[in-house]
């Protein structure tokens, strides 16, 4: 079983690397909105696609177009929940 | 009359077993904003274009004419490997940057330009292609200023990069970003002209009449070997020394930009053509 705190740290590192943000992991709150102008990270739809592909490659979980999986991209918390869930890859 | 008002010339040999030179520090001082999602090809384009435009206020209608023989080869290799070898969907940033026009977008954004924006990829003749496009647009009034650049990137490993271009493994490779800022009617600047000839003899005749001691002659790689030799034999052999012994696909651009940056006296003649297509002569004069 993957440690949730460790997973969230990995996800933050992945977001920083994939989206080329000049941030440190501790600067991303677990519940910060990731995508859109409301979020402090100011990531856009292209970043969302980049993260979705990285999640698929690293964790084998597919974020597709349906509302349920798309919601996984709301925050680091929701992304961790999605990866740890029993949903089929 | 089209004049050259500024030029920049970046040429960096890439040695075996050495990493590519990092461009990030140089770009930090040249870019108006830190750009995300850019690859090495875009970095090279930003570096050269910003240096060429440095200290000048460009006109908003200034066109961008970017050429390359290989284009964004690094990202193309990554994307093809993801698709074909790994059977994976390429990452969006890699995929988007396989388009050479991405580089033109970032150059325009960095310099605040809204004019024409072209990317032309042509092996062995990218400089001629972009110069033709830029000069035509300027003569037709689509732009009064043109930023003309040629960028060549090296994708590691070097042996694969050489193989891809059918080069011998002992050839020294280079990356380059060579830019010219052209303007209609600018005074006290070098003029850039283009002449076309249907017959080789007419080209030779023109060159003989225009040639002055100290002028330079450059024959493009796409020229037939015998024609290039004929040209070179007819003129001062000393004029043929280039700016480097290293190779990239658009070395003509390195010749032209290096000559422009050096502010040496005389004229540089750049000859290109084929017996069936005719001949063209670009010349950058005093």
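The values are calculated or read from the model by the stated rules, or taken from the named source; none is laboratory data. Owing to the predicted nature of the structure, the values given are computational and were not obtained by experimental measurement. Please note: Cβ atoms are built from the backbone with ideal geometry, for glycine as well, and neighbour counts cover all protein chains shown.
The residue list A:41, A:46 contains one member that is within 14 Å of chain B (Cβ to nearest Cβ) and more than 21 Å from residue B:89 (Cα to Cα), which is A:41. For the stretch B:121-129, the criterion of being assigned by TED's automatic domain parsing to the domain that holds residue B:59, in contact with a strand residue (DSSP E or B) (Cβ under 9 Å, 6 or more places away or on another chain) and modelled with pLDDT of 95 or more is satisfied by no residue at all. Any residue at all in the stretch A:21-28 that's touching a helix residue (DSSP H, G or I) at 6+ places or on another chain (Cβ under 8 Å) and either closer than 23 Å to residue B:89 by Cβ or within 14 Å of chain B (Cβ to nearest Cβ) (or both)? Yes, the conditions are met somewhere in the stretch A:21-28. Among the residues of the stretch B:79-109, those identified as away from chain A (no Cβ under 13 Å) and either crowded, with 23+ Cβ neighbours inside 10 Å or within 22 Å of residue A:45 (Cα to Cα) (or both) are B:98, B:99, B:100, B:101, B:103, B:104, B:105, B:106, B:107, B:109. For the stretch A:46-69, filtering for residues that are part of a helix (DSSP H, G or I) and within 19 Å of residue A:13 (Cα to Cα) leaves 14. A single member of A:7, A:73 is over 21 Å from residue B:95 (Cβ atoms) and surrounded by 14 or more Cβ atoms within 10 Å (Cβ to Cβ), and it is A:7.
Which one of the conditions (1) touching a strand residue (DSSP E or B) at 6+ places or on another chain (Cβ under 8 Å); (2) within 21 Å of residue B:148 (Cα to Cα) does residue B:38 fail to meet, given that it meets all the rest? Against the list (1) touching a strand residue (DSSP E or B) at 6+ places or on another chain (Cβ under 8 Å); (2) within 21 Å of residue B:148 (Cα to Cα), residue B:38 comes up short only on (1). Does residue B:60 meet the test of being within 14 Å of chain A (Cβ to nearest Cβ), over 20 Å from residue B:150 (Cβ atoms) and over 15 Å from the mean Cα position of the chain (by Cα)? For residue B:60, the condition - within 14 Å of chain A (Cβ to nearest Cβ), over 20 Å from residue B:150 (Cβ atoms) and over 15 Å from the mean Cα position of the chain (by Cα) - is not met.
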